[in-house]
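Everything below concerns the one structure shown next.
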Amino acid sequence: MIEIKKLNQYYGQSHTLRDLSLIVLEGDCIAVMGRNGVGKTTLVECMIGLLPVASGSINFQGVDISHRPSESRAPMGIGYVPQGRRIFPLLTVEENLKIGLPARNDKSNVIPEFIYELFPVLKDMLERRGGDLSGGQQQQLAIGRALVIDPKLLILDEPTEGIQPNVIIEICDIIRKLNTERGVTVILVEQKLPIARRVADKFAILDRGSNVYSGLMRELDDKLIKQYLTV
């Protein structure tokens with residue numbers, strides 16, 4: 001599905017990604033984990049074209065997208081839910097959802113019904129402004145907006161941050177359902193270990209800008225947790 005080889009990226013003089021390599025297979029649900037500042041969001045923003053790649057490659061379904069413009073990702077089937085949601089607060093729920101429609105390959109101008117099936121609250125609030133929603137509702141809107149393109153790959157950056165516990169469980173279960181029932185490949189950036197374990201089958205741990213360990217979630221033992229994830 002997506003293969004990253006020896007990826008390097010810099011912020012000024014700071015070397016943020018160091019020869020990072022990662023393979024995500026079609027149908028995977030993988031949690032990208034690590035302490036603050038190890039390069040998780042930087043990796044995601046390189047994958048979706050918001051940050052430039054200094055060297056290395058990002059291949060999506062056999063196509064090198066390393067230096068393609070960010071707006072080319074969605075039509076290829078890459079959905080993105082950014083950290084902090086970044087919905088448009090002055091637009092209505094319906095307008096927020098419709099933003100992604102031009103990126104659909106079939107050029108449909110209709111919001112897919114399955115989004116309302118996943119998030120019934122959005123259908124009840126179509127005319128409400130995004131900024132008037134609760135944090136949990138805004139996160140559902142951000143995920144729904146990414147799903148409008150009917151993505152093959154869904155990348156979520158800290159989707160449970162700042163959300164009440166009952167909604168966290170609901171969002172986790174929906175992400176899992178997207179992967180197991182709709183066949184969407186998922187890359188989940190997540191610091192909270194219980195959430196990562198609830199959602200993902202695989203994991204990759206980043207440290208100092210590199211992928212230091214990848215494996216099945218059941219292989220994530222106390223030694224790795226203490227070495228790379230415990231603050």
Checklist outcome for this item: Exactly one of Gly136, Gly130, Gly144, Gly100 is free of Cβ contacts under 8 Å to residues at least 40 places away in the same chain, surrounded by 15 or more Cβ atoms within 10 Å (Cβ to Cβ) and either over 18 Å from the mean Cα position of the chain (by Cα) or farther than 30 Å from Lys6 by Cα (or both), and that one is Gly136
Checklist outcome for this item: Checked pairs for segment 33-44, first farther than 19 Å from Ser55 by Cβ, second of a type in the set (Phe, Trp, Tyr) and outside any helix (DSSP H, G or I), C-beta under 6 Å and 6 or more apart or across chains, list as Met33/Phe203
Checklist outcome for this item: Within segment 149-185, restricting to residues that are among the charged types (D, E, K, R) and out of contact with any strand residue (DSSP E or B) (no Cβ under 8 Å at 6 or more places or on another chain), the one that is modelled with the lowest pLDDT is Glu161
Next on the checklist: With the requirement that a residue be among the hydroxyl-bearing types (Ser, Thr, Tyr) and under 15 Å from Ile23 (Cα atoms), what does segment 55-65 give you?
Outcome noted: Ser57
Checklist entry - Regarding Lys226, is this residue closer than 26 Å to Leu50 by Cα and either in contact with a Ser or Thr (Cβ under 8 Å, 6 or more places away or on another chain) or without any contact (Cβ under 8 Å) to a residue 40 or more places away in the chain (or both)? => result no
Next on the checklist: I'm checking my understanding of the structure. Among residues of segment 118-160 that are part of a loop (DSSP other than H, G, I, E, B) and basic (Lys, Arg), which one is nearest to Ala31 (Cα to Cα)?
Outcome noted: Lys152
Next on the checklist: Going residue by residue through segment 15-32, is there one that turns out to be of a type in the set (Ser, Thr, Tyr), surrounded by 15 or more Cβ atoms within 10 Å (Cβ to Cβ) and under 17 Å from Asp64 (Cα atoms)?
Outcome noted: yes
Item to check | Any strands (runs of 3 or more DSSP E) falling wholly within segment 161-231 and containing at least 2 residues that are surrounded by 21 or more Cβ atoms within 10 Å (Cβ to Cβ) | outcome: 185-189, 202-207
Checklist entry - Which condition does Asp64 not pass, out of (1) touching a residue at least 12 places away in the same chain (Cβ under 8 Å); (2) exposed (fewer than 15 other Cβ atoms within 10 Å of the Cβ), if it passes all the others? => result (1)
Item to check | Count of residues meeting criterion [farther than 22 Å from Ile195 by Cα and of a type in the set (Val, Ile, Thr)] in segment 20-49 | outcome: 1
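Would you tally the residues in segment 67-97 being crowded, with 19+ Cβ neighbours inside 10 Å, over 22 Å from Glu161 (Cβ atoms) and of a type in the set (S, T, N, Q)? First the steps, then the outcome.
In the first step, residues of segment 67-97 are kept if they are crowded, with 19+ Cβ neighbours inside 10 Å; the result is 73-74, 77-82, 85, 87, 93, 96-97.
Restricting the remaining residues to those that are over 22 Å from Glu161 (Cβ atoms) gives 73-74, 77.
If we keep only those that are of a type in the set (S, T, N, Q) as well, we get none.
Residues meeting the conditions: 0.
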Checklist entry - Does Leu7 fit the bill of being farther than 23 Å from Asn179 by Cβ and either crowded, with 19+ Cβ neighbours inside 10 Å or out of contact with any strand residue (DSSP E or B) (no Cβ under 8 Å at 6 or more places or on another chain) (or both)? => result yes
Checklist outcome for this item: Expected single match for of a type in the set (Phe, Trp, Tyr), farther than 29 Å from Glu127 by Cα and either at pLDDT 95 or above or more than 17 Å from the chain's Cα centre (by Cα) (or both) among Phe88, Phe60 is Phe60
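Please verify whether Ser21 is touching a residue at least 40 places away in the same chain (Cβ under 8 Å), more than 18 Å from Ile155 (Cα to Cα) and hydroxyl-bearing (Ser, Thr, Tyr), treating the condition exactly as stated. Can you show your working first?
Working: touching a residue at least 40 places away in the same chain (Cβ under 8 Å): yes; more than 18 Å from Ile155 (Cα to Cα): no; hydroxyl-bearing (Ser, Thr, Tyr): yes.
Taking the combined requirement at face value, the residue does not satisfy it.
The values are calculated or read from the model by the stated rules, or taken from the named source; none is laboratory data. All values reported here derive from a predicted model rather than from experimental measurement. Neighbour counts are summed over all protein chains in view; Cβ atoms, including those assigned to glycine, are modelled from backbone coordinates with ideal geometry.
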